[in-house]
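Structure first, then comments.
Where a number appears in this text, it was derived from the coordinates with a stated rule and is not lab data. Just so it is clear, the model here is predicted, and its values are computed rather than measured. Note that we place each Cβ from the backbone using ideal geometry, even for glycine, and neighbour counts take in every protein chain shown.
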Amino acid sequence: MKPINKSKNRYGNVIPYDNSRVVLEKLEGDEDSDYINASYIRGYDCKQISYIATQGPLPQTVNDFWRMIWQEKMSVIVMLTGIKEQNKIKCEKYWPEKSKNYQDLSVHLHKTEVFADYSIRTFVVSKMKTKEQRYVFQYHFTAWPDKGVPQHATQLLAFRKRLESDTAMGSPWVVHCSAGVGRTGAFLAIDAMIRQARDYKTIDVFNFVKTMRQNRQDMVQTKEQYLFIHMAILEHLTCGITEIQAHQLGKMINKLTIYDRKEKISGFEKEFKHLSALCPDVPKNEMKHGRRNCNSKKNRFQHILPVDKARVILQADTDEEGTDYINASYANAYRQKDAYILTQAPLDTTLADFWKMIYDNKLGTIVMLNKNKEEKMSYPPYWPEKGSLEFGNIRVEIVKEETENCIVSREFNLTHNHKSDGPNKPHKVRHLQHTGWSDGSVPGTTTSVLDLVEKIQRSQQQSNNKPVVVLCSDGVGRSGTLCTILSLLDRVKTEQMVDVFQTVKSLRISRPGAVETAIQYQFCFQVVMDYLESFSEYANFNG
């Protein structure tokens with residue numbers, strides 16, 4: 001290692017081997033300009049270079065990074081780290097907000113697409129001397145935790161699937177985290193083994209990691225990462241391919257409707273059963289807050305509790321234990337993180353907590369999927385029929401109420417009784433209630449749900465895209481079904497792709513048990529199908 005190159009390494013103990021390092025073309029008049037901390041990595045068959053593993057660029061190596069991208073004719077960058085994690089800089093922001101020159105290369109940010117767990121940035125890179133232009137796509141996975149590995153592989157596999165479907169393996173992918181060995185090594189192993197399983201019906205994680213380490217030291221740094229590789233591959237192989245193009249949905253529904261006389265279940269029931277088997281019960285130590293004695297009376301059902309990592313945390317007014325608890329969970333939409341809050345219908349003991357959650361978080365849309373009285377249960381009213389009512393420190397005033405078929409639209413003004421920091425300006429909340437959806441079942445037609453979706457979207461346009469609160473008796477069955485439908489429609493509008501199986505599976509990470517029955521699962525397919533057929537230009541989806 002030349003002394004002049006030491007400053008180009010983010011970590012002094014992670015150095016590329018000479019026999020596999022990427023050698024940059026030397027700049028005129030600079031004999032030491034051929035070094036970058038990056039290594040060639042071969043695919044599972046060892047025949048060709050499939051990846052370049054590199055560290056997150058430093059301020060002094062950003063120019064070198066873009067030189068490498070251009071020299072190696074790479075069109076795909078995979079980023080697996082944040083710029084800053086736990087108050088430590090992990091990677092220099094090596095791309096511009098608009099346009100910037102990096103020596104003789106001009107990089108223009110053409111487009112950014114943001115999803116719940118990743119972002120895709122499209123760059124136009126130009127060689128200033130020759131005016132040659134190329135497109136470079138950066139896939140930035142944002143859901144890898146600061147320490148360790150993702151708790152579930154579902155989001156990373158969805159990210160990898162999008163990456164694979166968007167790109168051809170014509171040139172290597174450049175993959176980086178911070179050091180370019182831990183997360184990078186784990187991701188390369190997952191990708192390579194999925195490809196090997198597809199091509200040869202075999203996998204060999206041990207030897208692939210061993211071979212990677214012969215080309216770059218410490219690839220896959222921890223036992224935890226090594227285990228995660230196996231978990232991810234197992235999930236991929238067990239789940240199979242459930243993603244389809246929108247125009248194939250009709251055929252898929254017909255296929256899943258077929259009744260298996262031997263097993264005495266339909267395809268929908270079989271797939272739902274398979275899904276449930278892949279969503280094991282959440283360990284009790286991951287739902288500690290809901291299981292505390294001081295919080296048990298706040299749960300309608302003691303077996304339906306929020307996962308600690310996804311729970312909504314109330315702003316506590318006192319130091320009393322449990323004052324920050326409500327049985328409510330954040331969940332991601334397809335394009336937005338924490339887009340939904342799934343919660344149970346309020347209890348007598350949680351009415352004030354419910355409105356505190358709405359007011360403190362300035363939430364603008366509440367969707368209620370149960371009636372006030374149902375066959376087996378009745379629910380305390382949490383709004384005034386006229387005038388106003390107080391729930392703890394929050395005064396709720398009803399402004400208007402309209403009924404259209406089975407959807408009741410209400411508008412409330414919320415004020416804080418003891419607010420002292422400036423004027424007490426009313427906070428407007430829109431409340432949408434679907435009165436035709438029975439517990440454990442589905443509405444008679446999809447039309448009312450599509451109407452509800454339209455009203456939710458209209459309300460959200462006035463709510464600065466704060467999370468939508470979706471509630472039913474337990475915050476799981478009907479609530480989970482509607483959130484699944486919202487996510488599916490969001491994706492089909494932008495990509496013309498449908499994956500009900502993985503959408504429900506992802507939702508259950510945040511709210512275990514979401515979508516309770518095979519009937520609700522099948523209903524998700526039908527709503528999307530009817531949505532597609534409602535367009536006169538449906539031929540566009542039909543290919």
Run through all the Cα pairs of the range 96-202 and give the fraction in each 5 Å bin from 0, expressed as whole percent.
-> 2, 10, 17, 21, 19, 14, 10, 5, 2, 0
Other residues with Cβ under 13 Å from the Cβ of Ser266 give, with Lys and Arg +1 and Asp and Glu -1, a net charge of +2
Computed, not fitted: 222 nm per-residue ellipticity of the chain from DSSP H runs ≥ 4 (each -39500 (n - 2.57)), nearest 500, equal to -9500 deg cm²/dmol
Antiparallel bridges, percent of DSSP beta bridges restricted to the range 3-239 (to nearest 5) = 75
Please give the peptides 502-514, 425-437 ranked by average Cβ packing (other Cβ atoms within 10 Å per residue), highest first, as a rough proxy for protection.
-> 502-514, 425-437
Say the cut-off is 28 Å between C-alpha atoms; which of Lys298/Lys466; Lys371/Lys466; Lys297/Lys425 go over it?
-> Lys297/Lys425
What FRET efficiency, computed as 1/(1 + (r/R0)^6) with R0 = 60 Å and r the Cβ-Cβ distance, is obtained for Met128 and Lys255, rounded to the nearest 0.05?
-> 0.65
Descending packing, highest mean Cβ count within 10 Å first, for 404-417, 337-350 is 337-350, 404-417
Helix 518-533 sits off the longest principal axis of the Cα atoms of the chain, rounded to the nearest 10 on a 0 to 90 degree scale, by 80
For the chain, longest principal axis from Cα atoms; helix 223-239 axis from its Cα atoms; angle between them, nearest 10 degrees, is 60
Coil-residue trypsin sites (Lys or Arg not before Pro) of the range 152-211, DSSP, other Cβ within 10 Å capped at 15 = Lys201
Rounded to whole Hz, the Karplus (6.51, -1.76, 1.60) HN-Hα couplings of the range 138-144, x for glycine and proline | 9, 9, 10, 7, 10, 10, 7
Counting DSSP beta bridges in the chain, what percent are antiparallel, to the nearest 5?
-> 75
Could you work out the per residue convex hull volume over the alpha carbons of the range 3-239, in cubic angstrom?
-> 128
Which residues qualify? For Val468, with a placed amide H closer than 5 Å and at least 5 residues away or on another chain, they are Tyr340, Ile341
R0 of 56 Å, Cβ-Cβ distance His418-Thr202: FRET efficiency to nearest 0.05 = 0.25
Considering only DSSP states other than H, G, I, E and B, which GluC sites (Glu not before Pro) in the range 457-543 qualify as loop sites with at most 13 other Cβ atoms within 10 Å?
-> Glu537
Cα extents of the chain along the three principal axes, largest first (Å) | 81, 67, 49
In the range 47-130, the trypsin sites (Lys or Arg not before Pro) that sit in a DSSP loop and have at most 12 other Cβ atoms within 10 Å of their own Cβ are Lys47, Lys73, Lys98, Lys129
Under 14 Å Cα to Cα from Lys386, which aspartates and glutamates show up? Leave out anything in the same chain fewer than 8 places away.
-> Glu397, Glu401, Glu402, Glu411
Here FRET efficiency (C-beta to C-beta, Ser388 to Asn465, R₀ 30 Å, nearest 0.05) is 0.60
According to the Kirkwood expression over distinct Cα-Cα pairs, how big is the hydrodynamic radius of the range 40-105, in Å?
-> 13.6
Tilt, helix 447-460 to longest principal axis of the chain (alpha-carbon atoms), in degrees rounded to tens, equals 70
